[in-house]
Amino acid sequence: MSCKSKVLRASLAALILIGSATLAAAQVTVIHRFTGVDGYNPVGGLTLDDQGNLYGATPFGGNADLSGGGTIFRLSPPADPSRRLWSAKVLHRFPPQAGEGFPTSGVTFGPSGALYGSLSFSGGLVYRLSPPNTVGQRGYEPIFSFGPAASNIGTGLHPNAVIATVGLPGRDVVYGTATEGGVVINGGVLFQLAPQHGQPTWNETILYNFCSQPIVDQNGNQICSDGANPFAPPTIGPDGNFYGTTLAGGNGDHGAVYRIEGDGTITILHSFCTNTVCQDGSAPESSLIFDANNSIYGTATACSGTTRCHGTVFRLTPQASDREPFKFSVIHSFCLQVTSSGNCADGALPRSGLVMDANGALYGVAEQGGKFGGGVIYKLTPGGNGGYSTTVLHSFGAETSGLPHHPNGTLLLDPNTGILYGATAFGGNNCGGTNTCGTIFQVIPP
C-alpha cells in the first residue's frame with residue numbers, strides 16, 4: 001500500500017484553542033506581476049543575493065504564446081525607491097516537456113554562487129545554473145537525473161527543493177529528498193549529489209531510504225514507522241545532522257519529524273496523529289528551522305479525525321533524555337476564528353515553512369482562509385510561559401477577484417532590512433481563460 005495515498009485522504013478537522021488571532025495591517029506591496037512571457041504561477045520560495053536581487057522559478061510559460069515549461073527569473077529592485085515594480089530578467093526558459101521542464105521548486109544558492117533547483121516530473125532531475133560569467137550570463141546544466149518513473153529505482157523519484165553546502169574548492173555539494181523511489185517503492189530517499197573531482201559528472205549517494213522499517217498497525221495495515229514520502233529538503237542542524245519531515249509514515253501513518261545522522265541512523269522525533277483525535281496535525285510538507293536554543297519549528301498541513309482543524313504550527317524543544325530527545329508541542333492551530341462567510345480568519349492549509357526574525361517571532365503563509373478566502377500572511381509572537389500570540393498581517397483576495405491570492409513557498413526574510421518577500425500562485429495579469437499569472441510581493445511588518 002502507499003503511505004502517501006493514505007495521508008492525502010486525511011480529512012481536515014478540529015479546533016485547538018491556543019492563544020487568539022488578532023489583525024494588524026502590514027504594508028504589503030506587489031513588486032512584480034508575471035505576464036506569461038516571464039513565466040506564470042510561481043512555485044516554491046525565493047532566494048536573495050548580496051546585491052538585493054530575488055531569484056525564483058515558475059512551472060509554466062516563458063514564451064509569448066504562454067507556452068513553455070517554466071522559467072528561472074531574477075528580480076532587481078528599482079534605482080528609484082518611489083517605484084514599486086522591480087525589473088525582471090529570465091535567466092532560463094525550460095522546454096514544455098516532461099523530464100526537461102516544469103520546475104516544481106524554487107532555487108537556492110550554493111557557496112560557489114551557482115543556483116540549484118529541481119524538476120519533479122517523469123522521475124525528475126536536479127539542475128544547476130553556473131555562477132555568472134564576465135558578461136553576467138549563467139549557464140544551465142542538468143547535474144543528475146532520477147528515474148525512470150515506472151521503476152522501483154534506487155536513485156529515488158520526484159526530487160523536491162534542494163540545499164547546497166561547501167564541497168570541493170569552487171564546487172558545491174547538494175542535499176535533498178525525493179518523494180518516492182529508493183529501495184522501498186513510494187518510500188522516498190534522502191540523497192547527496194557531489195561532483196567528481198576534475199570531471200563534469202555528479203555522483204549520487206543515498207543517505208537514507210525511507211520506509212526501511214515497516215511495521216503492522218493494530219488494524220493489520222503495514223505502515224512505515226521511519227516515515228515515508230519526504231516532501232521538503234532537509235535542514236542541517238547545529239549538530240551537523242539532517243532534520244526534516246515526511247508527508248506519510250510514522251507510527252500514526254500521518255507523517256513524521258526525523259533526524260538522520262551521518263552514519264544513516266534515523267530517530268523519529270515525532271509521529272503525527274497517533275490517536276483518533278489528531279490535534280497535533282498531519283501530513284507536514286515543509287522544511288524545519290532552528291532557534292538559538294536549538295528548538296525546532298515547522299508546520300503540519302492538515303489534521304484528521306477532529307471537529308475542525310486546518311493545520312498547525314509546532315515546536316520541538318530539546319530535552320535531556322535519550323529516550324525523548326525533543327518535546328513536541330503545538331503553538332498554533334489554524335481556524336481559531338471563522339468569518340461570517342465561513343472562511344478561517346487566521347488562515348488554512350499552511351503548506352509552507354517558517355522564518356524567524358531576530359526577536360524570535362515566526363512568519364508564514366497559509367494558502368487558504370483569511371477574510372476573503374485567498375490565504376493569509378501570519379505572525380506568531382512569543383510571549384510568557386512558552387505561548388505565542390497570533391497576528392494576521394494580511395488577507396489575500398478572493399479567487400475570483402483578480403487580486404493576488406494563494407500564497408505559496410516559504411517567505412524570505414531579508415536580515416538587513418527586516419522586509420519579507422513571497423509569491424502568490426495567482427492574481428495579477430491574465431494568463432489565458434480564467435487563469436491569472438501570479439505575483440511577487442514584499443511585506444513590511446507593522
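The values are calculated or read from the model by the stated rules, or taken from the named source; none is laboratory data. Just so it is clear, the model here is predicted, and its values are computed rather than measured. With ideal geometry, Cβ positions are generated from the backbone for all residues, glycine too; neighbour counts draw on all protein chains shown.
Scanning the range 275-294 for residues that are surrounded by 14 or more Cβ atoms within 10 Å (Cβ to Cβ), in contact with a Gly (Cβ under 6 Å, 6 or more places away or on another chain) and β-branched (V, I, T) yields a single hit, V277. Out of the residues in the range 185-207 that are part of a loop (DSSP other than H, G, I, E, B) and over 18 Å from G124 (Cα atoms), which is modelled with the highest pLDDT? This residue is Q196.
Quick grid of which residues meet (1) free of Cβ contacts under 8 Å to residues at least 40 places away in the same chain; (2) in contact with a Lys or Arg (Cβ under 9 Å, 6 or more places away or on another chain); (3) β-branched (V, I, T):
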position: T267; (1), (2), (3): no, yes, yes
position: H270; (1), (2), (3): no, no, no
position: G281; (1), (2), (3): no, no, no
position: V313; (1), (2), (3): no, no, yes
position: P318; (1), (2), (3): yes, yes, no
position: S329; (1), (2), (3): no, yes, no
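Across the range 105-126, the qualifying residues are those that are touching a residue at least 60 places away in the same chain (Cβ under 8 Å) and buried (at least 20 other Cβ atoms within 10 Å of the Cβ), and the one among them that is nearest to L193 (Cα to Cα) is V126. For the range 405-446, a tally of residues being over 18 Å from the mean Cα position of the chain (by Cα) and either over 23 Å from T299 (Cα atoms) or aromatic (F, W, Y) (or both) returns 14. Of all residues in the range 111-163, those satisfying the criterion of being in a loop (DSSP other than H, G, I, E, B) and either within 18 Å of the chain's Cα centre (by Cα) or of a type in the set (S, T, Y) (or both) are S112, S120, F121, S122, G124, S130, T134, S151, T155. When restricted to residues that are basic (K, R) and surrounded by fewer than 17 Cβ atoms within 10 Å (Cβ to Cβ), the range 308-340 contains 2. Pairs are defined by a Cβ separation below 7 Å, a sequence spacing of at least 6 or placement on different chains, a first member in the range 188-200 that is surrounded by fewer than 17 Cβ atoms within 10 Å (Cβ to Cβ), and a second member that is among the hydrophobic types (A, V, I, L, M, F, W, C) and in a loop (DSSP other than H, G, I, E, B); the pairs so defined are H197/L168. Does the range 341-348 contain any residue that is part of a strand (DSSP E or B) and either buried (at least 23 other Cβ atoms within 10 Å of the Cβ) or without any contact (Cβ under 8 Å) to a residue 60 or more places away in the chain (or both)? So far as the range 341-348 goes, yes, one or more of its residues are part of a strand (DSSP E or B) and either buried (at least 23 other Cβ atoms within 10 Å of the Cβ) or without any contact (Cβ under 8 Å) to a residue 60 or more places away in the chain (or both). The sole residue among D253, D239 that is in contact with a helix residue (DSSP H, G or I) (Cβ under 7 Å, 6 or more places away or on another chain) and not aliphatic (A, V, I, L, M) is D253.
Identify the residue in the range 63-84 that is touching a residue at least 12 places away in the same chain (Cβ under 8 Å) and of a type in the set (S, T, Y) and, among all such residues, is nearest to P142 (Cα to Cα). That would be T71.
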